[in-house]
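What follows is a single structure, written as structure tokens, with notes after it.
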């Protein structure tokens, strides 16, 4: 190992290594910090989708709760490594932010076609289950992924995910989908509340104390909820909420359809590429190999578990899972890379998943509070995509790929009905900005000659 690499590892400051078993108190405190960094992110995707589709209150509460429950199962398998499933690293499974736009589009199309909310949930669950097998298959061919999905293609697609989600975030800030056409739409109170939450998160991110920085999202939510309560803007608390609820597989059934599935399948591929980067970072922070047979085995097992967790999510009528990058920050903060901490985190998540009060707490938060936090979160996703793009030198070829891909993707966001007269299979393929931009990036990257990179821009 070079002197530079040795110094780098020393500076990581790891107190508990991957296989170490920290005492109960340090392990519990570390697990709580992981929860603080991810609790808002776990509950937000199902809340976004349910509110966009005007789901009944009982379904919304269930969808939030089951996201925590499945995250707990996935985290336990991911960190424990059961057979070929799991990386054996301190990697946390949670609800993915890549998919909401595609599921909202799929759900709205089904509702417009006369489907009930329960039938929509069943249809989305079928897409989650079917897509999960794509990711599990990709876990066996990580080398091919690296050749086809270059940093340029992945960066463009991730950026398009963030851009498309910003529309959802701003819709929440102005009052939510239900406020369209009412006096509540874009009211001063809504805008003020969303701005206050965003300001709080920014202010607390400026603190030198890393614990406060990592809790900034929760603090912003609490401050926003407190002001909303003062202004009488909290959503009503439902009556007769159960204290304890046992998750049931296929509670709303499951069905399969081709509508919108292709774009969801593409997102599973992007989720796989994202997982590759997150697992690489976790391995590095844990002082574990980032190349060679051990790493490849961990990478394949981690992606396989990612897909399997999404399969479980679909069986419980929830949404796809992903490996969370922000938990790598907690490893750096605490110096605790022990995979055994994942068991503590999994238990906490499972407990949160069986108490409906968790879903109730998320549901009473008004749309502007959620939107204020999501603007920053989705903006960061967009910026992350841009950062991935710029990991490679920018040439005339890459400028062309970026220009046409972002142009098609953003154009699809501005005018979603551009597929109105296209053949059904093509309309399904291009119906979302992420699919339109991502597929354009893949095709142009494969077709444009590599020799253009050698030319002067």
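Which order, highest average first, do 44-55, 441-452 follow once you tally other Cβ atoms within 10 Å for each residue and take the mean per peptide? Don't jump to the answer; show the numbers that get you there.
Numbers: 44-55: 23.1, 441-452: 14.6.
Ranked from most to least packed, the peptides come out as 44-55, 441-452.
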* Asked: Rounded to the nearest 0.05, what FRET efficiency is calculated for residue 452 and residue 141 with R0 set to 30 Å and r the Cβ-Cβ distance?
  -> 0.60
* Computed label-point distance, nm, for sites residue 205 and residue 291 using a 7 Å Cα→Cβ extension -> 3.3
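In nm, what is the difference between 0.36 nm times the number of residues separating residue 421 and residue 118 and their Cα-Cα distance? Intermediate values should be presented prior to the final figure.
Details: separation 303, 0.36 × 303 = 109.08 nm, distance 2.93 nm.
Value of the extension gain: 106.2 nm.
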* Between residue 183 and residue 391, what length comes free when the chain is fully extended (0.36 nm per residue of separation minus the Cα-Cα distance, one decimal in nm)? -> 70.3 nm
* Structure fact -> For segment 289-380, the Cα gyration tensor yields equivalent-ellipsoid semi-axes (√(5λ), largest first, whole Å) of 28, 18, 16
* To do: For residue 343 and residue 58, calculate 0.36 nm times their separation in residues minus their Cα-Cα distance, and state this gained length in nm to one decimal.
  => 99.6 nm
* **Inter-site label distance for residue 364 and residue 255 at 7 Å from Cα along Cβ, in nm** => 3.5
* Structure fact -> Projected onto their principal axes, the Cα atoms of segment 13-380 stretch, largest extent first, over whole-Å spans of 60, 49, 43
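Calculate, in whole percent, how much of the Cα-Cα pair population of segment 19-165 lies beyond 26 Å.
Values: 4170 of 10731 pairs.
Counting every Cα pair in segment 19-165, those more than 26 Å apart make up 39 percent.
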* Taking every eigenvalue of the Cα gyration tensor of segment 85-227, multiplying by 5 and rooting it, what semi-axes result, largest first, whole Å? -> 32, 26, 15
* 222 nm mean residue ellipticity, helices alone, for the chain (DSSP H n ≥ 4; -39,500 (n - 2.57); rounded to 500) -> -22500 deg cm²/dmol
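We did not get these values from a lab; they are worked out from the coordinates using the rules stated. Since the structure is predicted, the reported quantities are computational estimates derived from the model, not experimental observations. Cβ sites come from the backbone with ideal geometry, for glycine too, and all protein chains shown count toward neighbours.
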